[in-house]
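The values are calculated or read from the model by the stated rules, or taken from the named source; none is laboratory data. Owing to the predicted nature of the structure, the values given are computational and were not obtained by experimental measurement. Please note: Cβ atoms are built from the backbone with ideal geometry, for glycine as well, and neighbour counts cover all protein chains shown.
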Amino acid sequence: MNIELKKHLAIFDLEATGLSITNDRIVEIAIIKIAPDGKRSEFHRRLNPEQSIPKEVSEIHGIYDEDIKDAPTFKEIIPELEVFIENTDFAGYNSNKFDLPMLAEELLRAGSEIDLSIKNHIDVQNIFHKMEQRTLIAAYAFYCNKDLKNAHSAMADADATWEVLDAQIYRYDAIQNDVPFLANFSSYGNVSRLDFAGRLALNKDGVEIYNFGKHKGKTIKDISISEPGYYGWIMDADFPRYTKQCLKKAMEKVKAEKKNKEDYSGDIDDKLNALKNKFK
C-alpha cells in the first residue's frame with residue numbers, strides 16, 4: 001500500500017436512477033474501507049429507489065426494477081451506513097461532481113446527521129485528468145496495466161478506483177502522500193466550494209459567493225441587498241438540499257452581521273444622545 005493513512009479511507013461508488021442530483025435516487029452503493037494498517041472491509045447494498053429506473057439507465061449499470069423491488073430503501077440502511085463511514089475520509093472517481101452530492105442529498109432526505117463537509121474528499125478522476133487526461137477504464141489500464149471488467153458495476157468501479165489511487169501515489173513524486181493534500185489537489189476550479197454541487201463557494205478573501213448563473217462571483221451578501229428575491233428563488237427551485245442548507249447558513253451569517261452592525265450603531269447613537277443630554 002503506497003498511500004499513508006492517519007484514519008480510515010472510504011472509497012465509494014454509486015449507481016443511480018439517473019444523473020439528476022435532486023430528482024434521481026441511489027440504486028447501489030459500494031464502499032471499500034481501507035484502515036491505516038491496510039486492512040480492508042466492504043459495504044455493498046442494492047437499494048429500492050422507490051421510483052422506476054429508465055430502461056436506458058438500466059442498460060448501462062445492469063440494474064432493473066425487478067432486481068431491487070424487494071431491496072431495502074436508503075433510509076433503512078442509514079444506521080448501518082453511519083457506523084461504517086464514521087471517522088472516515090472519502091475517495092471516488094468523479095465523486096466530487098456526482099457521487100458526493102448524490103450521497104449528501106440522500107443523507108439529508110433520509111434525515112441523517114452525517115456531516116460530509118468535515119471529511120476530506122479525494123476525486124481520483126481529477127488527479128488523473130490533471131496528470132493524464134483519461135477515463136476510468138483507461139486510467140485502470142494506464143496505472144494498473146489491467147482491463148476493467150464489469151465497468152459500471154458499483155463494486156467493480158470502487159475497487160478499480162482504489163487500485164488507481166494507490167498506483168497514483170506510487171507514480172507521482174509531485175503528489176504528497178497525505179489525504180488532505182490529495183483532497184485539495186483533486187478538487188476542481190479556482191474557488192473553494194461551500195456545497196458539493198459547486199453552486200456556492202468562497203472567493204479568495206474567504207467570503208461566500210454564488211458560483212453559477214447571472215450572479216456568479218458575486219457575494220451572497222451583496223445579492224441579498226441588490227436582489228433579495230434571489231435567495232427565495234433558489235430555496236423554492238430544484239436545487240440540491242445540501243446546497244439550500246449551505247445557502248441558508250450563509251444567509252443566517254449575513255443577517256447576524258447586519259444585526260450586529262445595527263446594534264453597534266444603536267449603541268453609538270445612544271451614547272451620543274447621552275452626551276448631548278449631559279451637556280444641555
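Can you tell me which of (1) assigned by TED's automatic domain parsing to the domain that holds D115; (2) surrounded by fewer than 13 Cβ atoms within 10 Å (Cβ to Cβ); (3) more than 23 Å from I118 (Cα to Cα) is the one D159 doesn't meet? Answer for D159: the failing condition is (2).
Residue by residue, here is whether (1) out of contact with any Ser or Thr (no Cβ under 9 Å at 6 or more places or on another chain); (2) in a loop (DSSP other than H, G, I, E, B); (3) within 19 Å of M1 (Cα to Cα) holds:
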{"site": "E76", "(1), (2), (3)": "yes, no, no"}
{"site": "E80", "(1), (2), (3)": "yes, no, no"}
{"site": "L100", "(1), (2), (3)": "yes, no, no"}
{"site": "A104", "(1), (2), (3)": "no, no, no"}
{"site": "L108", "(1), (2), (3)": "yes, no, no"}
{"site": "G111", "(1), (2), (3)": "yes, yes, no"}
{"site": "K130", "(1), (2), (3)": "no, no, no"}
{"site": "A160", "(1), (2), (3)": "yes, no, yes"}
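Can you work out which of the residues in segment 60-98 that are among the aliphatic types (A, V, I, L, M) and loosely packed, with under 15 Cβ neighbours inside 10 Å is farthest from F128 (Cα to Cα)? Among those that are among the aliphatic types (A, V, I, L, M) and loosely packed, with under 15 Cβ neighbours inside 10 Å, it is V83. Here K39 does not fit the description of being more than 17 Å from the chain's Cα centre (by Cα) and in contact (Cβ under 8 Å) with a residue 60 or more places away in the chain.
Condition check: out of contact with any Asp or Glu (no Cβ under 7 Å at 6 or more places or on another chain), modelled with pLDDT under 95 and in a helix (DSSP H, G or I). Does D270 satisfy that?
Against the criterion (out of contact with any Asp or Glu (no Cβ under 7 Å at 6 or more places or on another chain), modelled with pLDDT under 95 and in a helix (DSSP H, G or I)), D270 qualifies.
Please work out if D115 is in the same structural domain as N184 (by TED's automatic domain parsing) and touching a Gly at 6+ places or on another chain (Cβ under 7 Å). No; evaluated as a whole, the condition is false for this residue.
If the condition is being within 20 Å of E113 (Cα to Cα), assigned to a helix (DSSP H, G or I) and in contact with a helix residue (DSSP H, G or I) (Cβ under 9 Å, 6 or more places away or on another chain), then segment 235-261 contributes R241, Y242, T243, K244, Q245, C246, L247, K248, A250.
Output the residue which, of all residues in segment 1-24 that are within 18 Å of D157 (Cβ to Cβ) and assigned to a loop (DSSP other than H, G, I, E, B), is modelled with the lowest pLDDT.
L19
Just a yes or no: is a residue in segment 176-187 among the hydroxyl-bearing types (S, T, Y), touching a strand residue (DSSP E or B) at 6+ places or on another chain (Cβ under 8 Å), outside any helix (DSSP H, G or I) and surrounded by 14 or more Cβ atoms within 10 Å (Cβ to Cβ)? Checked segment 176-187: at least one residue is among the hydroxyl-bearing types (S, T, Y), touching a strand residue (DSSP E or B) at 6+ places or on another chain (Cβ under 8 Å), outside any helix (DSSP H, G or I) and surrounded by 14 or more Cβ atoms within 10 Å (Cβ to Cβ). Only residues that are acidic (D, E) and in a loop (DSSP other than H, G, I, E, B) were counted in segment 47-61, giving 1.
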